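Down below is the structure, laid out as structure tokens.
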Amino acid sequence: MKIIVDIFGGDNSPEALVKGSIDAMTERSDLEIVMVGDESKIADELKKYKHDAGKIEIIDAKDVITNDDVPTMAIKTKKESSLVKALEALKSREDICGMVSAGSTGAVLTGGIFKVGRIKSVSRPALAPVLPTKTGGNVCLIDCGANVDCRPEFLTQFALMGSCYMKAVFGIENPRVGLVSVGVEDKKGNELTKEVFKALKEMPINFVGNMEARDALTGNYDVLVCDGFVGNVLLKTAEGTAGMVMSMLKKAIMGSASAKFGSLFMKKAFGKLKNDMDYNRRGGAPFLGVEKVMVKAHGGSNDIAIKAAVLQTVKMAENNLVASIKQELDRLQNNE
């Protein structure tokens, strides 16, 4: 199993990207990594860690696409960048099963569409991060920002791709799909969600109806479907709320001697809560609908997050996610 990593994408490159990749290889003995970026700098980083040199390939790339670059122009003009070279290798090489990048979201998505290519029957590929639920499970949010303006057929495909992802990667046999709206009643929502609601009821998925954002993390859903504007707001609100709660909890504990003493007995529980809410341990957001497995890691990802993203990519490739999406889309079209 060979995964390509854009070593110079992200705020903590190359250190976090190299270490995370090495840690993933340590956990998976069958894993090989293709590292893309400045060869000399990658080689210097690799000297810090014990590793099997035979399982690491380096593709030299001296340039870097930054968040200040215009995505479309950068993909066209920065041909020596680590991201472009990684995308080209992903597209052309059959031995590479998937890719991880923590670089510019716009550039990764643009490159995924124009360099790797979207699945023929997919109207718009979508970002699909997985969030923790209060029951200890996971819920896929699709789309979280790749498509801020959507037509109904985009969202119906999001629902199908999200279901395939939760089946393939998390082993959920019949994922419960909810449509993000302003109320749970069938007739609630705007013109877009009302039309999508009707379409989802006719699809071969486990559509359980409209869902209000406050119920997103209850564990009552496995896939949340929405346009990228709504999804991004929902995602950022959840992240911000989680951070605020943890901060307020810490402040309350430090506010009195008795609370500090009591927290000693809760240390293990607090540690578990912190880990459950830490995005670094959940990998990245898969870009569903393109011809190869792609995972967009958070720009601020540390080595723990990169390791998780690489292992997430491996699991998606092992379970033939792209082929599953193609099969389900073909089945849907044949039934229409």
Original post:
Number of Lys-Lys pairs in segment 19-119 under 12 Å by Cα, sequence gap 8 or more or different chains?
Top reply: 12
Subject >> Ranked by how many other beta carbons lie within 10 Å on average, peptides 301-307, 291-297 from highest >> reply: 291-297, 301-307
Original post:
Given the C-alpha centroids of segment 29-90 and segment 175-200, what is the distance between them in whole angstrom?
Top reply: 42 Å
Subject >> Calculated from backbone phi, Karplus (6.51, -1.76, 1.60) coupling profile of segment 99-109 in Hz, x at Gly/Pro >> reply: 9, 10, 9, 10, x, 3, 4, x, 5, 4, 5
**OP:** Largest first and in whole Å, give the semi-axes of segment 72-168's equivalent ellipsoid, each being the square root of 5 times a Cα gyration tensor eigenvalue.
**Re:** 26, 16, 14
Original post:
Considering amide H positions built from the backbone, and no H for Pro or chain starts, which residues 5 or more places from R176, or on another chain, come under 5 Å of its amide H?
Top reply: D222, V223
Subject >> Full-stretch length increase - F114, E239 - with 0.36 nm per residue and alpha-carbon distance subtracted >> reply: 42.0 nm
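What percentage of the solvent-accessible surface of the chain, computed with a 1.4 Å probe over protein heavy atoms, is contributed by carbon and sulfur atoms?
Values: 8470 of 16110 Å².
Solvent-exposed carbon and sulfur of the chain make up 53 percent of the total.
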Subject >> Karplus (6.51, -1.76, 1.60) ³J(HN,Hα), θ = phi - 60°, over segment 159-168, in Hz, Gly and Pro reported as x >> reply: 4, 5, 5, x, 5, 4, 4, 5, 5, 5
Subject >> Vicinal HN-Hα couplings computed from phi for segment 36-49 (Karplus, 6.51 cos²θ - 1.76 cosθ + 1.60; Hz; Gly/Pro x) >> reply: 10, x, 4, 4, 5, 5, 5, 4, 5, 5, 4, 4, 6, 10
Original post:
Quick one: accessible area per residue over the chain, 1.4 Å probe, rounded to a whole number of Å²?
Top reply: 48 Å²
**OP:** For segment 206-235 and segment 298-321, write down the distance between their C-alpha centroids in whole Å.
**Re:** 23 Å
**OP:** Give the Rg/Rh ratio for the chain, taking Rg as the radius of gyration of the Cα atoms and Rh as the Kirkwood radius, to two decimals.
**Re:** 0.99
Original post:
In terms of modelled amide H atoms, which long-range or inter-chain residues lie less than 5 Å from the amide H of I7?
Top reply: V36
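The values are calculated or read from the model by the stated rules, or taken from the named source; none is laboratory data. All of these numbers come straight from a predicted model, not from anything done at the bench. Please note: Cβ atoms are built from the backbone with ideal geometry, for glycine as well, and neighbour counts cover all protein chains shown. Note: areas computed on protein heavy atoms with side chains; ligands, DNA, RNA excluded. Shrake-Rupley method; radii C 1.70, N 1.55, O 1.52, S 1.80 Å.
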